[in-house]
1. Among the listed residues B:K135, B:K141, identify the single one that is modelled with pLDDT of 95 or more, charged (D, E, K, R) and within 13 Å of the chain's Cα centre (by Cα).
2. Any idea which of (1) touching a helix residue (DSSP H, G or I) at 6+ places or on another chain (Cβ under 8 Å); (2) surrounded by 16 or more Cβ atoms within 10 Å (Cβ to Cβ); (3) not assigned by TED's automatic domain parsing to the domain that holds A:G9 is the one A:C98 doesn't satisfy?
3. With respect to A:S57, determine if the residue is away from every other protein chain (no Cβ under 14 Å), crowded, with 17+ Cβ neighbours inside 10 Å, hydroxyl-bearing (S, T, Y) and under 28 Å from A:Q138 (Cα atoms).
4. Is it the case that the stretch A:47-57 has a residue that's within 16 Å of ligand 1 (Cβ to nearest atom), of a type in the set (K, R) and over 23 Å from B:N6 (Cα atoms)?
5. B:K5 passes all but one of (1) more than 11 Å from every other protein chain (Cβ to nearest Cβ); (2) over 24 Å from the mean Cα position of the chain (by Cα); which number fails?
6. Contact list please: Cβ distance under 7 Å, first residue in the stretch A:85-103 and small (G, A, S), second residue within 16 Å of ligand 1 (Cβ to nearest atom) and in a loop (DSSP other than H, G, I, E, B), pairs at least six apart or on different chains.
7. The conditions are (1) among the charged types (D, E, K, R); (2) under 13 Å from the mean Cα position of the chain (by Cα); (3) in a strand (DSSP E or B), and A:E13 fails exactly one of them. Which is it?
8. Determine which single condition B:D188 fails, assuming it passes every other condition in (1) more than 30 Å from B:I28 (Cβ to Cβ); (2) touching a Pro at 6+ places or on another chain (Cβ under 6 Å).
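The values are calculated or read from the model by the stated rules, or taken from the named source; none is laboratory data. Since we're looking at a predicted model, the values are computed, not measured. Cβ sites come from the backbone with ideal geometry, for glycine too, and all protein chains shown count toward neighbours.
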Amino acid sequence: MKITVTLNGKRIEAEITPDMMLLDFVRSQGMKSVKRGCDTGNCGLCTLWLDDKPVLSCSTLAARANGKKVTTLEGVQEEAKEFSDFLAGEGADQCGFCSPGFIMAVLALKKENPNPTAEEMKEYLAGNLCRCTGYQSQYRALCKYFGIQEV
Amino acid sequence: MYTMKNYVQVQSLEEAYELRTKNKNNVILGGNLWLKMTTRDLSTGIDLCNLGLDRIEEDESGYAIGCMCSLRDLETNVSMETEFGGAVKDALRHIVGVQFRNTATVGGSVFPRFGFSDVLTLLAALDCEVELFNKGRVSIKDFILDSPDHDILVKVMIKKDKRKVVYETLRMTETDFGVLNCAVSVKDGKYTIVLGAAPRKAKMVEVDPCSNWEDKEAKDAWLEEVVNQYIFGTNMRGSKEYRRAMAKVLITRAVDRLGV
Ligand SMILES: Cc1cc2nc3c(=O)[nH]c(=O)nc-3n(C[C@H](O)[C@H](O)[C@H](O)COP(=O)(O)OP(=O)(O)OC[C@H]3O[C@@H](n4cnc5c(N)ncnc54)[C@H](O)[C@@H]3O)c2cc1C
Ligand code: FES
Ligand code: FES
């Protein structure tokens with residue numbers, strides 16, 4: 001079946017199978033930042049924006065993206081670079097495997113709620129797992145990023 | 001992961017039901033989160049996304065929530081937040097993460113009647129009905145007692161009946177399934193107490209309030225009487241004895257928060 005998607009600002013038409021996941025579709029279109037980190041919908045690594053909302057692309061059928069706007073890390077390079085430089089400067093990440101999904105979630109939070117409380121921030125990012133940091137370094141960096149008094 | 005031969009965006013519920021009942025391997029697609037974990041060979045995925053069922057309608061008597069609304073739509077609905085004092089958000093906020101709840105649908109969360117369901121535990125404490133395509137309107141109580149069949153969940157209807165409701169849950173980690181879920185509502189001096197993840201399907205009981213909540217003996221006797229009405233079980237998240245003890249804790253917290 002054929003779908004038309006606006007992927008990172010570019011309209012594309014592509015042939016897909018009915019059971020293709022959006023994750024595999026965007027990767028087939030070269031968006032290799034989007035990765036599968038689990039089999040259960042738990043890790044958040046595959047996060048991208050569908051019509052500007054963060055969703056799990058590992059669990060969303062590509063067919064459902066027909067006629068919609070899909071944004072991956074490659075489509076928000078400037079903001080992503082600014083934020084990942086900040087993270088690196090704070091020594092917040094380690095291997096960086098979780099970063100693509102994490103950055104898409106942080107940028108979505110920033111759009112939805114530019115001045116979150118610590119609780120709101122933690123809750124918004126709870127769906128992004130990180131196997132290295134134990135979250136403390138990320139937490140400290142994010143408090144600084146959002147101008148939150150650390151608690 | 002399943003395989004699926006065809007994908008259809010249906011134009012009507014009649015078309016969806018006809019497809020659904022024609023072949024047991026034709027399935028309704030919700031957010032696909034649960035379905036994705038199956039390894040079935042599916043024939044047709046039936047998508048209801050074109051039927052305008054992704055809206056929450058509201059009038060003075062209540063809410064009609066389309067089955068294609070996301071859990072996040074419920075959680076962020078300002079009117080429901082006010083009407084139910086934050087209980088909707090409390091019930092949903094621990095379900096994995098925001099991007100998960102943007103993906104999960106109300107239909108896919110309610111229709112399967114999962115034992116661990118936070119959503120069902122909450123709904124059972126409200127004056128709630130589900131609208132099924134074939135069976136029509138059914139009270140949430142009867143719906144929970146029934147098992148999933150080939151029907152289609154179209155809408156969830158919640159009345160604004162001025163009840164107060166609170167939600168409590170016990171989790172081993174922030175985003176894991178609940179070890180025990182608890183919703184308590186009060187209307188006209190009567191409590192509706194729902195326990196979910198016990199680990200069975202959510203069960204509600206209606207009880208009169210404790211005669212004297214400040215008196216330890218009366219309170220313990222009341223709690224004992226309430227939890228005796230539930231069956232607790234053991235699984236990897238906790239033993240039945242632990243759940244029974246924790247049920248009293250969650251119900252106490254809920255009653256304290258209700259402040260009546
Ligand atoms: C890792 C993980 C953790 C979870 N944690 C929690 C938790 O803590 N608390 C909680 O309450 N829930 C939890 N859930 C359940 C989750 O919230 C969703 O309810 C679930 O994933 C199904 O929603 P979905 O929209 O993706 O449905 P799908 O997976 O698409 O569908 C589920 C089933 O319902 C059927 N269906 C879908 N829509 C309809 C409809 N309108 N009418 C009839 N049948 C329909 C499908 O055919 C399928 O059989 C968890 C799920 C996962 C995968
Ligand atoms: S790959 Fe883990 S949530 Fe999508
Ligand atoms: S930094 Fe390694 S997984 Fe997060």
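1. Numbers: B:K135 fails: within 13 Å of the chain's Cα centre (by Cα).
Checking each option against the conditions leaves just B:K141.
2. Only one criterion is unmet by A:C98, namely (1).
3. no
4. yes
5. For B:K5, the failing item is (1).
6. Close Cβ pairs (under 7 Å, with a partner that is within 16 Å of ligand 1 (Cβ to nearest atom) and in a loop (DSSP other than H, G, I, E, B)) amount to A:G101/A:G44; A:G101/A:L45; A:G101/A:C46; A:G101/A:N128.
7. (2)
8. (2)
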